[in-house]
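J.: Just dropping this structure here.
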Amino acid sequence: MSETEALDTHLQELRRGTAVLACLRLLEKPGYGYGLLEELSARGFETDANTLYPLLRRLEKQGHLTSEWNTDEARPRKFYRTSTAGSRLATALTDDFHAIAAAIDALPGTN
Amino acid sequence: MNTTSLTERYVDAAMRTVPEKQRDDLGTELRASIDDQVEARVGNGEPHDAAERAVLTQLGDPDKLAAGYTDRPLWLIGPRYYLTWWRLTKLLWAIVPVCAAFGVALGQTLAGASFGEIVGSVFSVALAVVVHIGFWTTLVFFIVERSAHGADAGLVSPWSPDDLPEPRQRGTGLGDLIASLVFLAVAAGAIVWDHFIGFGWTPDGWASFLAPELWPWWIGALFVLMVLEALLAISVYAKGRWDIGSATVNLFLNLTVAGGALWLLSQQQLINPEFFPAVIPADSAQTVSTVVSTVFGFGIVAIALWDTVDAFLKASRARRG
């Protein structure tokens, strides 16, 4: 595995959980798949469509998101929204993330 | 709208592996998502077809996408059950084909098949057994993997240090030495008893199992070999392990004993011909004597083979350890 491939794998590992956190917090306001994809990208959480959609489904199955179909416009869209359980999870994840960031800053070694 | 558009075909392909009740919901959502992405690209100036193609390419294999949606395992047997499956399969492969081959060979010999037929049927049966074991064990674990919807089926107990394989130098302890010597002594005693008194009761007195002509020279040779076996057992105990030298000596001893016995058996000189008519009614005596001779022969071969292989296995384990 070349150095860039190894780097990509490690970066992917590092970022894997942050997509969940970002979705839960962004979906405090109801949003749909593609809109969320764009917003995540704009905010620096690069995600693929084929990762995001299964992720949304999984969170819905776990009860962290609720969904409903919006048939107002020509194209029916499924809107997701963070549930109360999801909000609690988002808070827990954010707190943990801050703790990890602080722990990293406290690490000795090269900067 | 062109009903066989790329998008439609993609959504149809993805929904094939999705269970019925989720299909509409998922299908609509996927179609909307693709349309949104294509629209965004077209808004940036790409032609529609190229945009559609690019979006679908990025989404990837529709079956893979659907599996991500439905949490369907894309493997036969996953890491949770893999070791259990492999250990069980190895164990079955080590035991069952050998037994089956042995049984088939025995049966074919008793039925009077030619050597070529015996070899052919042994080979085909052994191969069939190996394949069947591999298939059915894998199938069972395939089903188990998918049965508990991703939860643990409770098949694999947590590992503890008690599960560690035993230390390598087995079969060389005092217990083994005593067992070997006792066995040899009992065998020698049985042979002597058989000659002087006999094992088969007839109205005329006792009849011996082994042919009387074998005494004294053949039996004497057998006793010499037994003494050598005892010496080998003592040397293995003293050295504390089997090595290739001991295993080779063991091989030669087994070859001599088994070879001699089989040769005598084939000459009808091993078993006392008086024995069977004395012990069983006359009309079935011939069949029984043939059967017993054959079974005896197979038994000799099996024991000799097992003992030799076992010694070599222990030697190779000792060498590695």
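We did not get these values from a lab; they are worked out from the coordinates using the rules stated. Please read these numbers as outputs of a predicted model, since none were measured by experiment. All Cβ positions, glycine included, derive from the backbone under ideal geometry; neighbour counts span all protein chains shown.
J.: Quickly estimate the mean residue ellipticity at 222 nm for chain B, helices only: each DSSP H run with n ≥ 4 gives -39500 (n - 2.57), and the total goes over all residues, rounded to 500.
T.: -25000 deg cm²/dmol
J.: Still on this model: Evaluate peptide A:45-54: per residue, the Cβ atoms of other protein chains within 10 Å of its Cβ; return the mean as an integer.
T.: For peptide A:45-54, the averaged partner shielding equals 4.
J.: Next question, about the same structure. Normalising by the residue count of chain A, find the relative contact order in percent from Cα pairs under 8 Å and 6+ residues apart.
T.: Relative contact order of chain A: 26 percent.
J.: Please list, in chain and number order, the residues 5+ apart from residue B:155 or on another chain whose amide H is under 5 Å from its amide H, with Hs placed from the backbone.
T.: Sorted by chain and number, the residues that satisfy this come to none at all.
J.: Run the simple label-point estimate for residue B:255 and residue B:228 please: 7 Å along Cα→C-beta, distance reported in nm.
T.: If labels sit at residue B:255 and residue B:228, their model points lie 1.1 nm apart.
J.: When only Cα pairs under 8 Å and 6 or more residues apart are kept, what is the percent relative contact order across the stretch B:6-70?
T.: 48
J.: Could you work out the local net charge near residue B:98, counting Lys and Arg as +1, Asp and Glu as -1, over the other residues with Cβ closer than 15 Å to its Cβ?
T.: Taking every other residue near residue B:98 into account, the sum is -1.
J.: Quick one: B:242, B:159, fewest Cβ neighbours within 10 Å first, how do they rank?
T.: B:159, B:242
J.: Arrange the following residues from fewest to most other Cβ atoms within 10 Å of their Cβ: B:36, A:72.
T.: Least to most surrounded, the residues fall as A:72, B:36.
J.: Tell me, what ³J(HN,Hα) does each residue in the stretch B:30-37 have, in order and in whole Hz, if you take phi through Karplus 6.51 cos²θ - 1.76 cosθ + 1.60 with θ = phi - 60° and put x for Gly and Pro?
T.: 5, 4, 4, 5, 5, 4, 4, 5
J.: Order these peptides, A:86-99, B:57-70, by their mean beta-carbon neighbour count within 10 angstrom, highest first.
T.: B:57-70, A:86-99
J.: Also: Report, to the nearest 10°, how far helix B:244-266 tilts away from the longest principal axis of the Cα atoms in chain B, using its own Cα long axis and a range of 0 to 90°.
T.: 60
J.: Also, quick follow-up: Under 5 Å between amide H atoms, partner at least 5 residues away or on a different chain: which partners does residue B:241 have, H built in plane at 1.01 Å?
T.: none
J.: Now for a separate question. For the stretch B:16-23, in order, what is each residue's ³J(HN,Hα) by Karplus, 6.51 cos²θ - 1.76 cosθ + 1.60 with θ = phi - 60°, in whole Hz (x at glycine and Pro)?
T.: Residue by residue, the stretch B:16-23 yields 4, 9, 9, x, 3, 6, 8, 5 Hz.
J.: For a test of the definition: using alpha carbon positions, the gyration tensor, and the 1.5 limit on a/c, classify the stretch B:79-156 as rounded, prolate or oblate.
T.: Judged from the Cα gyration tensor, the stretch B:79-156 comes out prolate (a/c at least 1.5, a/b above b/c).
J.: While we're looking at this one, here's another question. Contact order normalised by length for chain B, with contacts defined as Cα pairs under 8 Å and 6 or more residues apart; what percent is it?
T.: Computed over chain B, the figure is 15 percent.
J.: Whose amide H sits under 5 Å from the amide H of residue B:210, counting only residues 5 or more places off or on another chain, with H placed in the peptide plane?
T.: Amide H neighbours of residue B:210: B:272.
J.: Which FRET efficiency value, to the nearest 0.05, is calculated for residue B:61 and residue B:131 with the Förster distance at 30 angstrom and r the Cβ-Cβ distance?
T.: Efficiency for this residue pair is about 0.45.
J.: Give the order of A:23, B:99 when sorted by the count of other beta carbons within 10 angstrom, beginning with the fewest.
T.: Lowest count first: B:99, A:23.
J.: How far is helix B:48-59 tilted, in degrees, relative to the longest principal axis of the Cα atoms in chain B, given as a value from 0 to 90 rounded to the nearest 10?
T.: 30
J.: Compute the signed sum of charges (Lys and Arg +1, Asp and Glu -1) over the other residues within less than 12 Å, Cβ to Cβ, of residue B:211.
T.: Counting the neighbours of residue B:211, the net charge comes to -3.
J.: Using θ = phi - 60° and the Karplus curve 6.51 cos²θ - 1.76 cosθ + 1.60, what whole-Hz ³J(HN,Hα) does each residue of the stretch A:87-97 get, with Gly and Pro shown as x?
T.: The phi angles translate into 4, 4, 4, 4, 4, 4, 5, 4, 4, 4, 4 Hz.
J.: Answer rounded, prolate or oblate for the stretch A:39-92, using the Cα gyration tensor with square roots of eigenvalues a ≥ b ≥ c: rounded when a/c is under 1.5, else prolate when a/b is larger than b/c, else oblate.
T.: Here the stretch A:39-92 falls in the oblate category.
J.: Tell me what chain A gives for mean residue ellipticity at 222 nm when only DSSP H runs of n ≥ 4 count, each as -39,500 (n - 2.57), the sum divided by the residue total, rounded to 500 deg cm²/dmol.
T.: -21500 deg cm²/dmol
J.: How many angstrom separate the Cα center of the stretch B:172-188 from the Cα center of the stretch B:73-106?
T.: 34
J.: How tilted is helix A:33-42 with respect to the longest principal axis of chain A? Cα atoms for both, answer in degrees (0 to 90, nearest 10).
T.: Between the helix axis and the principal axis of chain A, the angle is about 30 degrees.
J.: Quick one: check the C-alpha center-to-center distance for the stretch B:8-29 versus the stretch B:189-268, whole angstrom.
T.: 75
J.: Express in whole angstrom the spacing between the alpha-carbon centres of the stretch A:37-90 and the stretch B:43-62.
T.: If you average the Cα positions of each part, the centres end up 22 Å apart.
J.: Let me ask something else about it. Residues in the stretch B:88-110 near a label at residue B:183, defined as backbone nitrogen under 20 Å from the 7 Å Cα→Cβ point?
T.: Counting backbone N atoms under 20 Å from the label point, the list is B:95, B:99.
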